[in-house]
Amino acid sequence: MAVRRRRSGSGSGRAPDFDPDFGDRPLTAARQDIVIGRWQGVRDLLRATGENWPLRTHRLRLLANAAASSSVVETWRAAEPDTPDAAVLRAATEVVRVFNQAIAAGRGTEIDRARIDVAVMTCLSAADARPADPMPWVSLLTVARLYGDGVGRAELREWWEELRRRDPYNIEGHVQLLRYHSARWHGTHGRMYDFARDAAGAAPAGSPLPVLVQIARVEEYRYVAAAAGGRPVRGFDQHWHHELAVTEVRRTQERWLGGRPPGPVAPEEVGELNYLAHAACWAGLPDEAREAFALLDGRAARVPWAYTGDAAEQYTRWRDQVGAERRRG
């Protein structure tokens, strides 16, 4: 499959590219294999990915979403029952299926605990099959949210520590635990922000983890807006651009983008970079937004833009606006 060439720059004037794979062409090919019922391309992709944990986590998450509505992963397991990658993908796929069941049931409807237990056991079995892999622990932190009363502190801490032993700065695992601690699930806004800020503060220069603070701000907005049912929320108009929100966007930009080596952003960072671009726009920081859009080069994620309006309109309007401000300057 030919690789599309991208033009440099912020992409002003072009429609945003909502490719779910964020330009990861080998992943796109493997997901297309799933659609036609083939598992061999998935096996080869994961084998080639090796122990590049950020890329592997990104690919497994999207492969699981593609496989959830088919029997491809079960066919692979039957054909190669001793393949650890198949076990890891099966676990991630089971978690997606349970979440799909929860979505179909509707918010506030609890899923049968035994069904969640099956997904948990599948994840633990995958962890045994591939001990070095962080993904089964990411899957566990994801499915933990679906227990109506949450997961016991000791068990949750064990899952978290197992992930950190394998990949201490795994962005997807951090995002999943952040959501667990949110008011929408099993925590509070305060607990969520504490977790995000602690993780951001401990991250090395160039790590995307500081953007957890901006992800937390989106989670709070989503929760409050949903509770308001479309009505204005008194005292919430400064949510995106009060002094602390602005300071934290600048801090994320400095620690993440200021600490990373020059060059294109990898596909596994594109989703998080959309959060930073969104936050910079709403915080009124055109320089920071412009840098993020330039690195994205048109690659867009529907979340978080869709939470504040139509995703394509939001992305295009803000990108072109900050680009125009620079030209006027």
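Could you rank 188, 316 by how accessible they are, 1.4 Å probe, largest area first?
Details: 188 65, 316 40 Å².
Listed by decreasing accessible area, they come as 188, 316.
Based on the mean of other beta carbon atoms within 10 Å per residue, what is the order of 300-307, 92-99, 155-162, most packed first?
Listed from highest to lowest mean packing, they are 92-99, 300-307, 155-162.
What size of dipole, in debye to the nearest 20, comes out for the chain about its Cα centre when the only charges are +1 on Lys and Arg C-beta atoms and -1 on Asp and Glu C-beta atoms? Don't skip to the end; give the middle numbers.
Details: 46 positive and 43 negative charges, 159 e Å.
It comes to approximately 760 debye.
Among 105, 125, 143, whose Cα sits farthest toward the positive end of the charge dipole of region 105-163 (+1 at Cβ of Lys/Arg, -1 at Cβ of Asp/Glu, about the Cα centre)?
Projecting each Cα onto the dipole axis, the largest value belongs to 105.
Taking 7 Å along the Cα-to-C-beta vector as the label spot, tell me the residue 47-residue 69 distance in nanometres, rounded to one decimal.
So the two model labels end up 2.9 nm from each other.
So what's the convex hull volume per residue for the Cα atoms of the chain, in Å³? List each step's numbers first, then the result.
Working: hull volume 47.1 nm³, N = 329.
Expressed per residue, the convex hull around the Cα atoms of the chain is 143 Å³.
Helix 25-35 against the longest principal axis of the chain: what's the angle in degrees, Cα atoms only, rounded to the nearest 10?
Between the helix axis and the principal axis of the chain, the angle is about 50 degrees.
Report, in debye and to the nearest 20, how large the dipole of region 234-329 comes out about its Cα centre when Lys and Arg carry +1 and Asp and Glu carry -1 on their Cβ. List each step's numbers first, then the result.
On the way: 13 positive and 15 negative charges, 35 e Å.
Dipole about the Cα centre, nearest 20: 160 debye.
Roughly speaking, what % of Cα-Cα pairs in region 90-136 are separated by over 17 Å, rounded to a whole number? Walk me through the intermediate numbers first.
Working: 391 of 1081 pairs.
Counting pairs separated by more than 17 Å, the tail of P(r) holds 36 percent.
Kirkwood hydrodynamic radius (Cα pairs, Å) of region 225-278?
Working: mean 1/r = 0.0739 Å⁻¹.
So the Kirkwood estimate lands at 13.5 Å.
From the protein chains alone at 1.4 Å, what is the descending order of accessible area for 27, 244, largest first? Don't jump to the answer; show the numbers that get you there.
Numbers: 27 0, 244 80 Å².
Highest to lowest solvent-accessible surface, that is 244, 27.
Just from the alpha-carbon atoms, what are the Rg and Dmax of region 263-329 in angstroms?
Here Rg and the maximum Cα pair distance are 11.0, 34 Å.
Note the full-extension length gain between residue 287 and residue 320 as 0.36 nm times their separation in residues minus their Cα-Cα distance, in nm to one decimal.
Working: separation 33, 0.36 × 33 = 11.88 nm, distance 1.27 nm.
Fully extending the segment from residue 287 to residue 320 adds 10.6 nm.
Tell me, what is the percent relative contact order of the chain, built from C-alpha pairs under 8 Å that lie six or more residues apart? Don't skip to the answer; put the middle values down first.
On the way: 430 pairs, mean separation 65.6, N = 329.
It comes to 20 percent, rounded to a whole number.
Below 8 Å between Cα atoms, with a sequence gap of 6+, how large is the relative contact order for region 110-202 in percent?
Numbers: 82 pairs, mean separation 22.3, N = 93.
With pairs under 8 Å counted, the relative contact order is 24 percent.
So what are the three principal axis dimensions of region 1-130 from its Cα atoms, in whole Å, longest to shortest?
Extents along the principal axes, in whole Å: 50, 39, 27.
As a test of the formula, what do you get for the chain when each DSSP H run with n ≥ 4 contributes -39,500 (n - 2.57) and the sum is divided by the residue count, at 222 nm and rounded to the nearest 500 deg cm²/dmol? Walk me through the numbers on the way to the answer.
Working: 16 runs with 206 residues, N = 329.
When only DSSP H runs of four or more count, the value is -20000 deg cm²/dmol.
At residue 110 and residue 14, where each label point lies 7 Å from the Cα along Cα→Cβ, what is the point-to-point distance in nanometres?
Roughly 4.9 nm, to one decimal.
Using only the Cα atoms of region 191-255, what are the Rg and Dmax in Å?
13.1, 41
Tell me the per residue accessible area of region 143-184 using a 1.4 Å probe; a whole number in Å² is fine. Show your work: numbers first, answer last.
Numbers: 1790 Å² over 42 residues.
Heavy-atom SASA per residue in region 143-184 reads 43 Å².
Using only protein heavy atoms and a 1.4 Å probe, report how much of residue 241 is accessible, in Å² to the nearest 10.
That residue has around 80 Å² of solvent-accessible surface.
Leaving out ligands, DNA and RNA, what percent of the accessible area of region 27-95 is carbon and sulfur, probe 1.4 Å? List each step's numbers first, then the result.
Working: 1350 of 2790 Å².
That fraction is 48 percent.
Placing unit charges on C-beta atoms (Lys and Arg positive, Asp and Glu negative, everything else neutral), compute the dipole magnitude of region 89-199 about its Cα centre in debye, rounded to 20. Can you show the working numbers first?
Numbers: 16 positive and 15 negative charges, 56 e Å.
Computed about the Cα centre, the dipole is about 260 debye.
Whenever you get a sec, line up 153, 217 from highest to lowest accessible area (probe 1.4 Å, protein heavy atoms). Display every interim value, and only then the final one.
Numbers: 153 195, 217 20 Å².
The most accessible residue leads, giving 153, 217.
The values are calculated or read from the model by the stated rules, or taken from the named source; none is laboratory data. Worth saying up front: this structure is predicted, and the values here are computed from it rather than measured. Cβ atoms come from the backbone with ideal geometry, glycine included; neighbour counts cover every protein chain shown. Note: accessible area is taken over every heavy atom of the protein model, side chains too, but ligands, DNA and RNA are not part of it. Shrake-Rupley method; radii C 1.70, N 1.55, O 1.52, S 1.80 Å.
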